[in-house]
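Taken together, the values in this text are just the output of simple stated rules run on the coordinates, not laboratory data. Quick caveat: nothing in here was measured; it's all calculated off a predicted structure. Note that we place each Cβ from the backbone using ideal geometry, even for glycine, and neighbour counts take in every protein chain shown.
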Amino acid sequence: MRHSTALGRTMRLAFALAEARFWLRNAGSYIGIFWYVLEPLVFFLILIFLQTNVGASSIPEYPAYLLLGLIMVNFFIGATTGAVRSMRDNNGLIQSVTVDTEAVPLSAVIQFIFSHAFELVLFIIVALLFHDLSWHIIWYPVIFSVYVVFVSGSAFILATLGVFIEDLFNIWAVASRLLWLGTPIFYSLSPGNPLYVLNRFNPLYYFITYGRDLVVYGVVPDPAGMVTLVFGSIATLAVGVILFSKNKRKFGEFL
Amino acid sequence: MNTESNVKQRESSEHVTAPRIDASAVSKRFRLARGARVLLHLLRPNRPNKSNLLQALDGVDVSVRPGEVVGLIGKNGSGKSTLLKIIGGLYEKDRGDIRLSGRVLYLSGFSYGTNPYLTVRANMSLIGTVFGLRRKEIKEKIPEIAAFAGLEDFLDVEAFKLSSGMTTRLNVSSTFFCMEHVKPDILLLDEVLSTGGDIEFQGKTMKKVENLVRGGASILVASHDLQFIERFCHRVIWLDRGRVVGSGPARETIAAYIKAYG
């Protein structure tokens with residue numbers, strides 16, 4: 001009972017912090033929250049332009065393939081980048097009042113769940129326009145839920161490390177750019193490609209591949225692969241929560 | 001307004017019950033070096049570098065019983081905040097034993113939760129969530145908080161449009177109302193007694209402080225406001241360079257402190 005109350009408090013604070021940041025991110029701008037849609041849309045149009053004018057891709061249902069990959073990787077990069085700095089950004093709060101600090105990295109994830117919802121609406125519109133939308137999209141929340149578990153675990157790990165390693169924010173900015181380019185968002189990989197071998201160790205590759213299989217191509221992902229992804233995500237969350245909990249009393253000194 | 005004797009009139013039986021805060025021999029050292037120097041130290045772990053260490057607390061004992069208000073006094077850097085943060089779980093102790101019973105609330109200052117670009121209403125809501133209130137509870141409290149702060153007509157105005165005095169009223173009022181609602185068993189207050197605002201508001205907040213003090217929580221309060229400490233605290237602990245150098249009834253301990261530095 002006591003644990004559920006503490007969890008409820010943590011989740012309420014995480015939602016409140018995420019909600020505030022979500023609205024504040026584009027506060028004062030003319031189109032406000034529509035930047036959440038405009039940003040991936042512009043990227044999508046640029047990549048579509050490059051694909052049609054520079055190198056013709058043979059990927060079937062390419063617009064839906066591209067946009068889903070784009071928004072799924074955006075979610076990971078946005079949430080983890082937010083998490084790396086989250087403890088420092090909320091230093092005033094953490095040092096001034098007793099709070100459930102777990103709420104802070106979680107709020108970074110929740111903020112990007114909000115923006116992902118907007119991006120998903122954009123995806124549905126684009127997929128409809130290009131006749132790429134499958135009814136299998138109803139299964140997307142299943143894949144996305146597992147993805148959220150994985151991203152939350154990564155957020156806890158990065159938020160903890162971000163307290164002790166001030167350079168991590170810059171390191172992560174470079175690493176996430178490499179991840180963006182290395183993950184097959186706008187291209188596909190065949191088994192002979194060296195990047196394909198590297199991507200076998202890239203969790204994002206599996207999430208976007210299974211997401212595309214399910215939503216764009218209507219193919220049920222390999223059960224063994226799906227089970228590995230679920231347990232891998234739970235393990236990542238467990239590692240993240242344990243690492244964070246073991247170190248949270250040290251945060252005050254380093255922030 | 002309640003007098004000092006009113007505030008201090010507690011049932012003596014309360015004071016013989018087991019302490020809610022029982023800290024013994026608490027010690028803490030801070031490593032001052034950061035970044036590259038820390039990296040250097042990690043690469044050469046066997047090389048002692050005592051100049052990098054600051055002894056913030058050295059074997060401090062504190063106990064606070066239910067309903068008791070204990071003041072912490074001492075110069076800047078004497079270890080008051082460190083002690084409160086260790087008891088509040090914000091810092092890790094190096095040595096010692098701390099036993100707490102009940103819900104703990106640590107508070108330092110009032111400007112932790114407000115965002116200038118959020119409206120007054122949204123800021124009140126955010127502060128309420130920080131204290132663990134549910135959305136419905138916050139919604140019910142907002143008119144009361146706004147009336148106390150004199151901000152009823154500014155609820156939907158962004159905080160950056162408020163004067164500094166109004167911002168203070170927003171922060172202080174929201175905090176006090178939320179603290180009252182949460183009813184912590186252990187309250188750790190770090191320099192939060194100078195609430196600011198105009199004379200009328202200071203009078204109102206002082207009443208809130210008195211209610212809080214008389215509410216039965218075990219309170220450990222660090223402050224340089226010796227008048228307040230003398231008025232509200234049953235006992236005072238005087239810290240200097242991380243050690244307890246004096247402890248006892250408020251008046252005597254404060255007199256000794258003033259004599260030493262005054």
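Worth a mention:
- Normalised by the number of residues in the stretch B:112-182, the mean separation of alpha-carbon contacts (under 8 Å, six or more apart) gives a relative contact order of 43 percent.
- Two-decimal ratio, the protein assembly as shown, of alpha-carbon radius of gyration to 2.2 N^0.38 Å: 1.15
- Paramagnetic reach from B:ASN76 (point 7 Å along Cα→Cβ, amide N under 17 Å) across the stretch B:96-129: B:109
- Cut-off under 5 Å, modelled amide H: who pairs with B:GLY59 long-range: B:VAL26, B:SER27, B:LYS28
- Principal-axis tilt of helix A:2-24 within chain A, Cα atoms, nearest 10 degrees: 60 degrees
- Radius 15 Å from Cβ of B:LEU162, net charge of other residues (Lys, Arg +1; Asp, Glu -1): -2
- Count Lys and Arg as plus one, Asp and Glu as minus one, and take only other residues whose Cβ is under 12 Å from that of B:ILE127; the net charge is then +2.
- Extending 7 Å from Cα along the Cβ direction at A:PHE34 and again at B:PHE228 yields two label points whose distance is 4.9 nm.
- For the stretch B:112-182, diffusion coefficient by Stokes-Einstein and Kirkwood Rh (Cα), 4 °C, 1.567 mPa s, µm²/s: 113 µm²/s
- The residues packed around B:GLY150, meaning those with a beta-carbon under 13 Å from its beta-carbon, carry a net charge of -3 if Lys and Arg are +1 and Asp and Glu are -1.
- Computed from the Cβ-Cβ distance with R0 of 22 Å, the FRET efficiency linking B:ARG95 to B:ALA255 stands at 0.10.
- Residues in the stretch B:55-94 that a label on B:SER24 would reach, taking backbone N under 14 Å of a point 7 Å out along Cα→Cβ: B:59-64
- In straight-distance terms, cross-link reach from B:LYS80 covers every one of the lysines whose alpha-carbon lies under 17 Å from its own, apart from those fewer than eight places away in the same chain; here that gives B:LYS28, B:LYS93.
- Spin-label pair A:VAL142-A:VAL121: with each label point 7 Å from Cα along the Cα-Cβ axis, the two points sit 2.7 nm from one another.
- Model label points for B:ALA147 and A:TYR217, set 7 angstrom from Cα along the Cα-to-Cβ axis, are 6.5 nm apart.
- Based on Cα contacts under 8 Å between residues 6+ apart, the stretch B:88-219 shows a relative contact order of 32 percent.
- Exposure proxy order (Cβ contacts within 10 Å, fewest to most) of A:GLU39, A:GLU19: A:GLU39, A:GLU19
- The equivalent ellipsoid that matches the C-alpha gyration tensor of chain A spans semi-axes of 32, 20, 18 angstrom, in descending order.
- Chain A: angle of helix A:223-254 to the longest principal axis, Cα-based, in degrees nearest 10: 30 degrees
- Computed on chain A, with alpha-carbon pairs under 8 angstrom and 6+ residues apart, the relative contact order is 28 percent.
- DSSP-defined beta bridges in the protein assembly as shown - what % are antiparallel, rounded to 5: 55 percent
- Ranked for footprinting exposure by Cβ neighbours inside 10 Å, fewest first, B:LYS141, A:LYS246 give A:LYS246, B:LYS141.
- Built amide H within the under 5 Å cut-off of B:VAL236, gap 5+: B:GLY71, B:GLY248, B:ALA250
- Cβ-based exposure ranking for A:LEU181, A:LEU17, B:LEU83, in which fewest neighbours within 10 Å come first: A:LEU181, A:LEU17, B:LEU83
- Theoretical gain in end-to-end length, A:PHE49 to A:ALA6 [0.36 nm per residue, Cα-Cα removed]: 10.5 nm
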